[in-house]
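Chemist: Right, I'll just put the structure down here and ask away after.
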Amino acid sequence: MTMRAHIGDQLVVESPATGATRRDGEIVGVHHEDGTPPYDVRWSDTHEVTLVFPGPDAHIHHLADRPEDGHSEAEASVSDVPSRRWLDPGDLGRRVAHERRRQRLTRAEVAGRARVSPSYLAYLEERPADPDVGTLTALAAALRTTAARLRGGGMDRPPGEGQAAYHPELRELGPDECRDRLGTHGVGRIAVSSPDGLSVVPVNYEVVDGAIAFRTGAGTVPAEAAGAEVAFEVDHVDEAMSGGWSVLAVGPARAVTEPNAVRRLNERAHSRPWAGGERPLWVLIDPERLTGRRIHTD
């Protein structure tokens, strides 16, 4: 098959033995109207532009006509890729994409801040790649995080290891602000008094008609919340800005046993519990007291 490309596409050179990416770059110049080689390529590892006559270990990753988020099977076809399947983007790509979506930013916005092309950002999010230190640092700054965080550094350590801001201000959150921060779902912590004492455990939760709902299994610590007064806490830490917030909900918890109610909860769940296993018991917390605090910085 004859190789054809457009400006903005990605040239990927892979190891014939392993299929792992050896080098990649953005095509910034096409010398023939039909898109055939050679190409001017800006390499991601050096940012240098060179004239390239691709060999048999190279293929083109077409990005120009693809929508920003999502793709059809037809759009996923890549010329000259033997497997014709998307490769696993790896931890770095997933973290970049997750953080961008969490902040509700488009690829164009993040690419503009980081001074890279949107096509390269799409490539980075969807394919194995190893950007140079300068590009990674620019992406981290665009996403208000650190290069180490994007690479997964410190994931086993608790958040908030940075320094306090120069002029922090602790503010109380009103009930509506607390509800907004609870959102529709996430991960929070439930405090339960058990025969072994007070226990605090994380759970995946949903907000359903103002109540906090989570799934668990019989005989577990969270299951002991049913029929008792409990406390539920959720928070967020902004490492880059040395800020964050926390919300505390206190109220009675009850087990959901009515079949139709259980079915509705199962249908509305955004995800299965991350801990895995069979967790068929739904528990609802009806908040009677909702309080929160936020660290605001200038």
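The values are calculated or read from the model by the stated rules, or taken from the named source; none is laboratory data. What you see is a predicted model, and the numbers here were worked out from it, not measured in a lab. Methodologically, a virtual Cβ is constructed for each residue, glycine included, from the backbone with ideal geometry; neighbour enumeration extends over all protein chains shown. Remember, those area values only see protein heavy atoms, side chains included, never the ligands or the DNA or RNA. Shrake-Rupley method; radii C 1.70, N 1.55, O 1.52, S 1.80 Å.
Chemist: In whole percent, how big is the carbon plus sulfur part of the accessible area of the stretch 169-220, probe 1.4 Å, protein atoms only?
Modeler: 50
Chemist: Next up: Under the rule a/c < 1.5 gives rounded, and otherwise a/b versus b/c splits prolate from oblate, where does the stretch 98-147 land using the Cα gyration tensor? Write down the numbers at each step before the final one.
Modeler: Values: a/c = 1.36, a/b = 1.12, b/c = 1.22.
Because its axes are fairly even, with a/c under 1.5, the stretch 98-147 counts as rounded.
Chemist: How much accessible surface does Asp180 have with a 1.4 Å probe, in Å² rounded to 10?
Modeler: Its accessible surface works out to 120 Å², give or take rounding.
Chemist: Follow-up question, since we're still on this one. Using a cut-off of 14 Å between beta-carbons, work out the net charge of the residues near Asn266 (Lys and Arg +1, Asp and Glu -1, Asn266 not included).
Modeler: Details: positive: Arg215, Arg263, Arg264, Arg268, Arg272, Arg279; negative: Glu206, Glu258, Glu267, Glu278.
Summing Lys and Arg as +1 and Asp and Glu as -1 gives +2.
Chemist: With a 1.4 Å probe and all protein chains left in place, how much accessible area per residue does the stretch 160-279 have, in Å²?
Modeler: Working: 7080 Å² over 120 residues.
Value for the stretch 160-279: 59 Å² per residue.
Chemist: Same structure again: When the Karplus curve 6.51 cos²θ - 1.76 cosθ + 1.60 is applied with θ = phi - 60°, which whole-Hz ³J(HN,Hα) does each residue of the stretch 187-201 get, with x for Gly and Pro?
Modeler: Couplings: 10, x, 10, 10, 9, 10, 8, 10, x, 8, x, 7, 10, 10, 9 Hz.
Chemist: I want the local charge near Pro202. Using Cβ-Cβ distances under 14 Å, sum +1 for each Lys or Arg and -1 for each Asp or Glu among the other residues.
Modeler: Numbers: positive: Arg189, Arg215, Arg279; negative: Glu233, Asp235.
In short, +1.
Chemist: In addition: Could you work out how far apart the two model spin labels at Arg94 and Phe53 are, taking each label as a point 7 Å from the Cα in the direction of the beta carbon, and quote it in nm?
Modeler: 4.1
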